[in-house]
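Below: one structure, written as structure tokens.
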Amino acid sequence: MVLINFFSALIFFLLITVYIFWKRKKINYLLILLLCSLIPLWSIFRPGVYESGDLTLHIVHAMSFYSSLTTGILFPQWAANLNATYGYPAFIFSYPLPYYLISLIHLGGLSFILSIKVLIALSFIISGLTIYLWIKKELGAKAGLIAGIFYLYAPYHLIDMNFRTDIGELIMITLLPLYFLFLKTYSQTYSKKHYCLISFIFCLLILSHIELTFITIPLIILYSIYLWYTAKKRNKYFFIMLFLSIFSGLLLSLFYWLPALNEIQNTNQTIYSSIVFPNITSLFYSPWRWGFLYQGHYGELSPLIGYAQIFTFVIFIIYCFKKRFTKNQKYLSYFLFVIFCIYFFMLLSISYPVWKFFPMLSHLQFAYRVLLPVNIITSFMAALVLSKFKTQWIIIICSLTIFITILNWGNRGMISNVTDSSLTQTASLTTSKGLNIYQAIPIWVDAKHPWIDKIPNQHIEILSGKGVIKELSYSILKHEYIINANTQMTIKENTVYYPRWRLWVNNKIYSIQYQTKKYPGIITFILPKGKYLVILNFVTTPVQIFSRIISLFTFVFLIFLLLIDSKLINAKVLNIFR
């Protein structure tokens, strides 16, 4: 695969070089960037799934998520077919946007495996486009091309795509430059349209990865200060409107994060709230294949800042000392340097007190995830510095930036015989094999053995006593039975207990036992002799209803603002509301 990548990339670069020198006057930088973004995508579409990373996990969970959607559940909560069909509340705490997108692509007729691969490829391509458009607005088209190449081929971006396969982070990588583009435009126009757009994008960031959105707040604040300070006309309400846009984004995504925050005490998330810091040497050098491979033989990762990125950072510092920037570029360089230092500090273990001070940060687990905003900063630095170089030097540096990552243009192994059908057959047991969202483990299960590895023969069973059970219906959120108890019966319903499960017996609420010694965290109950209609229902809480209503009203309000700004709602319509 490396040889195929090498020769295809070599031919590709020769064609681009010929194009650049042949068409000297008008170079389509965007076209070049889009073509560059296609180079490392060959290996993604090989048959099967990756040997390492979370690709299979996301496919299995996407299947379960889609299953909920097809039954009319617009906001999936319970992964009923996972955990050996005992289920668990995966989707209350997992980021929803990637699964909605995978479901949408799958609806078009593609398999789940191909759907997630298409989403990964599109996120990679579009991430280059979004940062190009943003940096182009700041520094010009040539700088946009440089930033795009550095952003696409940042080591952590390739690690995320091919080794970790964190689909939430990949969507985040795509959306974050778009947020800054709209923020930049809003600082120039102060239009309702761009206010709405930055609110919508902030909402999508939260739905992609709420913890990483939180970690980018310093970058958003400092960039906003830079925009305000360098604006031709400083608007005194700029920061108020920025705060309101963030608040609007929070309200839009309230349906997701408020119920999760409200129910976090029902899970073992606090157990997994420690933070792991990378070895400082791994930020600068990888120990595998002379430093050019970022994953070890057993799945270990070396989360590099990047050799080309470090080189351009040194050039950036030299330029700062030699004062080779214009006035606005000087302020921009101050912003980039300060924010880089902040995030670099967060990568080091000495920043541990800061991580502990903000509980939300500790849920990131790995401090190297801070490399996501670092990628944006170093790409911006590269664009600022290298755009001042001659064209031939830009070509050489950008080509090297791409070529030195060639060993990471695909996962080193594929399991080619895995299909949607084979995954569907084994999906229920994948949670016990490590493909799970362990932050969603309910606190009542056995913490040492939280995942069930045996599929029960039936949904409900008699532990003691005599009687007959007839299953009336069984769906994701509702289970109905007729039980004729000849004696007192102890019954186990093969579902993991969670407080939102409610048990009704003959239309009256009934107590659930979930702390039995033999079956901790599994729903059990006792019925005396008699005949019963038993219904187990996963209910919607008042907090969920409230949050969905607020999100809906916020969405309608922002759409209304967009229509007003686009003049699709004229003065006569507005008079109705006066």
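With runs of 4+ DSSP H residues as the only contributors, calculate the mean residue ellipticity of the chain at 222 nm using -39,500 (n - 2.57) per run, divided by the residue total and rounded to the nearest 500.
Details: 23 runs with 305 residues, N = 578.
Per the formula, -17000 deg cm²/dmol.
Would you mind calculating the gained length between I350 and N328 on full extension (0.36 nm times residue separation, minus the Cα-Cα distance), in nm to one decimal? Each step should come with its number before you reach the end.
Details: separation 22, 0.36 × 22 = 7.92 nm, distance 3.34 nm.
My answer for the length gained is 4.6 nm.
With R₀ set to 41 Å, the beta-carbon distance separating C341 from L31 gives a calculated FRET efficiency near 0.70. Under 28 Å between alpha carbons, and skipping anything fewer than 8 positions from K518 in its own chain: which lysines qualify? Candidates past the 8-residue exclusion: K433, K448, K454, K466, K470, K478, K492, K508, K529, K531. Applying a DSSP loop filter and a limit of 16 other Cβ atoms within 10 Å to the chymotrypsin sites (Phe, Trp or Tyr not before Pro) in segment 374-430 leaves F389. Mind checking which of I564, V18, S52 is farthest towards the positive end of the chain's charge dipole, using Cβ charges of +1 (Lys, Arg) and -1 (Asp, Glu) about the Cα centre? Checked the options; the winner is I564. In the chain, which longest range has no GluC sites (Glu not before Pro) that are both DSSP loop (not H, G, I, E or B) and surrounded by at most 14 other Cβ atoms within 10 Å? Free of exposed loop sites, the longest segment is 301-578. Accessible area per residue (1.4 Å probe, heavy atoms of protein chains only) ranks R324, R369 as R324, R369, with the largest value leading. Working from label points 7 Å from Cα in the Cα-to-Cβ sense, the K448 to Q425 distance is 3.5 nm. Extending 7 Å from Cα along the Cβ direction at N417 and again at E300 yields two label points whose distance is 3.2 nm.
Where in segment 371-409 does the label zone of F292 land, with the point 7 angstrom along Cα→C-beta and an amide N cut-off under 11 Å? Only 403-408 pass the distance filter. Measuring r between the beta carbons of F560 and E480 and using R0 = 56 Å, the FRET efficiency lands at 0.85. Listed by number, the DSSP H helices of the chain that run 27 Å or longer by alpha-carbon position along their axis and have mean Kyte hydropathy of at least -1.0 are 2-22, 112-139, 167-189, 327-347, 542-565. Applying both filters, DSSP loop and at most 10 other Cβ atoms within 10 Å, to the trypsin sites (Lys or Arg not before Pro) of segment 184-288 gives K232, K233, K236.
Think of a 1.4 Å ball rolled over the protein heavy atoms: segment 365-465 then has 44 Å² of accessible area per residue. Subtracting the Cα-Cα distance of F75 and T490 from their residue separation scaled by 0.36 nm leaves 146.1 nm.
Protein heavy-atom surface of the chain, 1.4 angstrom probe: 66% of the accessible area is carbon and sulfur, with nucleic acids and ligands not counted. Across the options N235, W257, L204, the greatest Cα extent toward the positive end of the charge dipole of segment 191-309 (unit charges at beta carbon of Lys, Arg, Asp, Glu) belongs to N235.
The values are calculated or read from the model by the stated rules, or taken from the named source; none is laboratory data. All figures in this text were calculated on a predicted structure; none of them were measured in a lab. Positions of Cβ are generated from backbone atoms using ideal geometry, with glycine treated the same way; all protein chains shown enter the neighbour counts. Calculation scope for accessible area: heavy atoms of the full protein, side chains included, ligands and nucleic acids excluded. Shrake-Rupley method; radii C 1.70, N 1.55, O 1.52, S 1.80 Å.
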